[in-house]
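What follows is a set of notes on a single structure, which appears directly below.
The values are calculated or read from the model by the stated rules, or taken from the named source; none is laboratory data. Remember, it's a predicted structure, so these values are computed and weren't measured experimentally. Ideal geometry is used to build each Cβ from the backbone, glycine not excepted, and the neighbour counts take in all protein chains shown. Quick note on the areas: whole protein, heavy atoms, side chains included, nothing else; ligands and nucleic acids left out. Shrake-Rupley method; radii C 1.70, N 1.55, O 1.52, S 1.80 Å.
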Amino acid sequence: MFNAKMRKLKDDLDNLSQKAIALERQVSSMQTILANMVEGVSALDADTKITSWNPAAENIFGILKNEAEGKFFLEVVRNSDIDVVISKVLQNKEFISQEITLIWPFQKIFQENISPIFDNDNIQGCVLVVHDITELRNLETIRRD
């Protein structure tokens with residue numbers, strides 16, 4: 001009886017260990033994907049504190065990951081237009097996509113996509129994906145002219 005319980009416990013621990021290894025691989029894979037994206041990606045909690053900030057976000061906003069994570073989005077990126085959209089996504093629990101223009105340090109045009117993050121039906125935060133479309137808009141202007 002005791003040996004059977006020990007075997008069951010060992011099997012359960014082995015199973016848990018295998019699941020932990022698989023989860024570590026998934027996390028590593030996701031970190032690699034985020035690190036190599038050309039789009040700026042930032043994850044925010046329900047209070048708009050930054051929980052994740054990829055290298056492209058560092059380049060777009062000119063703010064390093066260690067200076068961004070753990071701080072409120074508006075504290076890091078002083079742009080009320082983006083902050084208003086983030087608040088709408090968190091309040092309405094709906095995806096929003098729009099174009100924005102950032103002037104500082106030089107004018108750039110971005111497509112921002114903000115999606116809510118849910119745990120069951122509770123909103124946990126959102127993901128902001130920012131894609132630089134400045135060159136595309138410039139080419140469209142040249143074509144029109």
Can you tell me, using C-alpha contacts under 8 Å and at least 6 residues apart, the relative contact order of the chain as a whole percent? 19
Between residue 111 and residue 145, what is the label-to-label distance in nm when each label sits 7 Å out along the Cα-to-Cβ direction? 2.3
Less than 14 Å from a label point 7 Å out along the Cα-to-Cβ axis of residue 47: which backbone N atoms in the range 85-127 qualify, by residue? 125
If I compute solvent accessible area with a 1.4 Å probe over the protein chains, what percent of it on the chain is carbon and sulfur? 53
Mind checking the full-extension length gain between residue 98 and residue 13? Use 0.36 nm per residue of separation minus the Cα-Cα distance, one decimal, nm. 25.8 nm
Simple spin-label estimate for residue 138 and residue 67 in nanometres, 7 Å along Cα-Cβ: 2.4
Which one, 19, 71, 88, has the greatest fluctuation when you compute a Gaussian network model over the chain with C-alpha springs under 10 angstrom? 19
If you filter the range 8-115 for GluC sites (Glu not before Pro), then keep DSSP loop positions with at most 14 other Cβ within 10 Å, what is left? 94
Keeping every protein chain present and rolling a 1.4 Å probe, give me the accessible area per residue for the chain in Å². 69
Full extension from residue 29 to residue 119: what is 0.36 nm times the residue separation minus their Cα-Cα distance, to one decimal in nm? 30.2 nm
Summed side-chain charge close to residue 97 - residues other than residue 97 whose Cβ falls under 13 Å, Lys, Arg +1, Asp, Glu -1: -3
Tell me the chymotrypsin sites (Phe, Trp or Tyr not before Pro) within the range 62-124 that lie in a loop according to DSSP and have at most 15 other beta-carbon atoms within 10 Å. 95, 106
Among 28, 87, 115, determine the one that fluctuates most according to a GNM of the chain built with springs between C-alpha atoms less than 10 Å apart. 28
When the solvent-accessible surface of protein heavy atoms is calculated with a 1.4 angstrom probe, in what order do 47, 14 fall, highest first? 47, 14
